[in-house]
Amino acid sequence: MKFGPLPKDLDLRGLATRGVVIKGTASLEALPRLREAGIGMDALAVAEFRFSRDEELRYVVQTQVEVSLRLTCQRCLEGMQSHLATGSRMACVWSDAEAAALPSSLEPLIVGEMADLNEILEEEILLAVPVSPGHEEDCWTQNAHLLSEEAAQKAAEPVAGNPFSVLEKLRT
């Protein structure tokens, strides 16, 4: 299924009143804060936005985001891929006081008269990216082809004994 680019300058209140669902994509060019954070994308980000009103008549936005990111492993500093699937349920608010009054089941989405869905998508991705991304496997054994064969074998071998035993010898 193909989607078009996410629209800009939307009235979220009107969309929520009508119960609209918007599905779309965003490229890295449409998400400048990701580029600034050093995050790349392997394909377009796919997002779904469901707008509605809840029992308290709040304007609610439910998001589902799926994207394949290129991140830097914080252990070996090599590139890595990370598939991200996230979502949230937010209520549109216009002040910090309204945000503080929301129940814990809703995240605040501070908006003006018009909103850009790319900015909301970008925020969702930034909040879901791991603080310290890393390969699922041990980086040294995963990148063993970069090391000499001997160094790769040493990296794969468990350390025998206590690594601080040398200090004990120095003490005596």
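The values are calculated or read from the model by the stated rules, or taken from the named source; none is laboratory data. In this text the structure is predicted, and so the values were computed from the model without any measurement. Glycine also receives a Cβ, built like all others from the backbone with ideal geometry; neighbour counts cover every protein chain displayed.
Could you grab me the full set of residues in segment 89-117 that are surrounded by 10 or more Cβ atoms within 10 Å (Cβ to Cβ), under 26 Å from residue 66 (Cβ atoms) and not aliphatic (A, V, I, L, M)?
89, 92, 107, 108, 116
Can you pull out every residue in segment 16-41 that is more than 23 Å from residue 81 (Cβ to Cβ) and either of a type in the set (Ser, Thr, Tyr) or not assigned by TED's automatic domain parsing to the domain that holds residue 89 (or both)?
17 - this is the single residue of segment 16-41 that is more than 23 Å from residue 81 (Cβ to Cβ) and either of a type in the set (Ser, Thr, Tyr) or not assigned by TED's automatic domain parsing to the domain that holds residue 89 (or both).
What about residue 86, is it in a strand (DSSP E or B), of a type in the set (Val, Ile, Thr) and surrounded by fewer than 17 Cβ atoms within 10 Å (Cβ to Cβ)?
Considered against the rule, which asks whether it is in a strand (DSSP E or B), of a type in the set (Val, Ile, Thr) and surrounded by fewer than 17 Cβ atoms within 10 Å (Cβ to Cβ), residue 86 comes out as yes.
Determine if segment 60-78 includes at least one residue that is free of Cβ contacts under 8 Å to residues at least 40 places away in the same chain, of a type in the set (A, V, I, L, M, F, W, C), in a loop (DSSP other than H, G, I, E, B) and in contact with a strand residue (DSSP E or B) (Cβ under 7 Å, 6 or more places away or on another chain).
There is no residue in segment 60-78 that is free of Cβ contacts under 8 Å to residues at least 40 places away in the same chain, of a type in the set (A, V, I, L, M, F, W, C), in a loop (DSSP other than H, G, I, E, B) and in contact with a strand residue (DSSP E or B) (Cβ under 7 Å, 6 or more places away or on another chain).
Being of a type in the set (A, V, I, L, M, F, W, C), in contact (Cβ under 8 Å) with a residue 40 or more places away in the chain and under 17 Å from residue 60 (Cα atoms) narrows it down to one of 111, 93, so name that one.
Going through 111, 93 in turn, just one is of a type in the set (A, V, I, L, M, F, W, C), in contact (Cβ under 8 Å) with a residue 40 or more places away in the chain and under 17 Å from residue 60 (Cα atoms): 111.
Tell me which residues, restricted to segment 21-43, are more than 15 Å from residue 124 (Cα to Cα) and part of a loop (DSSP other than H, G, I, E, B).
Passing the criteria: 38, 42, 43.
Could you please give the count of residues in segment 29-59 that are closer than 27 Å to residue 13 by Cα and touching a Lys or Arg at 6+ places or on another chain (Cβ under 6 Å)?
Number satisfying all stated conditions: 2.
Counting only residues that are polar (S, T, N, Q) and surrounded by 18 or more Cβ atoms within 10 Å (Cβ to Cβ), which one in segment 46-83 is nearest to the chain's Cα centre (by Cα)? Give the derivation first.
The initial filter retains those residues of segment 46-83 that are polar (S, T, N, Q), namely 52, 62-64, 68, 72, 74, 81-82.
Those still in the list that are surrounded by 18 or more Cβ atoms within 10 Å (Cβ to Cβ) too: 63, 82.
Details: 63: 13, 82: 9 Å.
Within segment 46-83, the match that is nearest to the chain's Cα centre (by Cα) is 82.
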